[in-house]
1. Name the residues whose placed amide hydrogens come within less than 5 Å of the amide hydrogen of residue 35, ignoring near sequence neighbours (fewer than 5 apart) on the same chain.
2. Please list the three semi-axes, largest first and in whole Å, of the ellipsoid equivalent to the chain, using sqrt of 5 times the eigenvalues of its alpha carbon gyration tensor.
3. Under a Cβ-only charge scheme (Lys and Arg +1, Asp and Glu -1), can you give me the dipole magnitude of the chain about the Cα centre, in debye to the nearest 20?
4. Among the trypsin sites (Lys or Arg not before Pro) in the range 1-60, which ones are in a DSSP loop with at most 16 other Cβ atoms within 10 Å of the Cβ? Mind listing them?
5. Hey, got a sec? Which GluC sites (Glu not before Pro) in the chain land in a DSSP loop and have at most 14 other Cβ atoms within 10 Å?
6. Any chance you could run the full-extension gain for residue 48 through residue 20? It's 0.36 nm times the residue separation minus the Cα-Cα distance, nm to one decimal.
7. Would you calculate, for the chain, the mean residue ellipticity at 222 nm contributed by helices, counting each DSSP H stretch of 4 or more residues as -39,500 (n - 2.57) and dividing by all residues, to the nearest 500?
8. What are the ³J(HN,Hα) values, in whole Hz, obtained from phi via the Karplus relation 6.51 cos²θ - 1.76 cosθ + 1.60 with θ = phi - 60°, for each residue of the range 36-46 in sequence order, with x given for Gly and Pro?
Amino acid sequence: MSTIPANIVANHMGMRVLGMSIVTDECFPDSLKPVTLQETLDAAGIAEPKMTKVFTEVIRRLK
């Protein structure tokens, strides 16, 4: 939720920015339902190994 504001501030400071986020709750209007903390953590846990690979490759290419 803070990805965009943080990137705007960094950009105004003259910093180069790469922002990545993990969506844990898509919040489709036609299928809204309460989401538990555990469901959010489960979604993040599924995404974590994939994001680790992405970040590892990005960092490797920046060197």
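1. Those lying under 5 Å, H to H, from residue 35: there are none.
2. 27, 18, 8
3. Details: 7 positive and 7 negative charges, 117 e Å.
So the magnitude is around 560 debye.
4. 16
5. 26
6. 8.9 nm
7. Details: 2 runs with 36 residues, N = 63.
Using -39500 (n - 2.57) per qualifying helix, the result is -19500 deg cm²/dmol.
8. Per residue, the Karplus-derived 3J(HN,Hα) values read 8, 4, 4, 5, 5, 5, 5, 5, 5, x, 5 Hz.
Rule-based calculations on the coordinates, nothing more; no lab input. Model, not experiment: these values are computed from the prediction. Cβ: placed from backbone, ideal geometry, glycine included. Neighbour counts: every protein chain shown.
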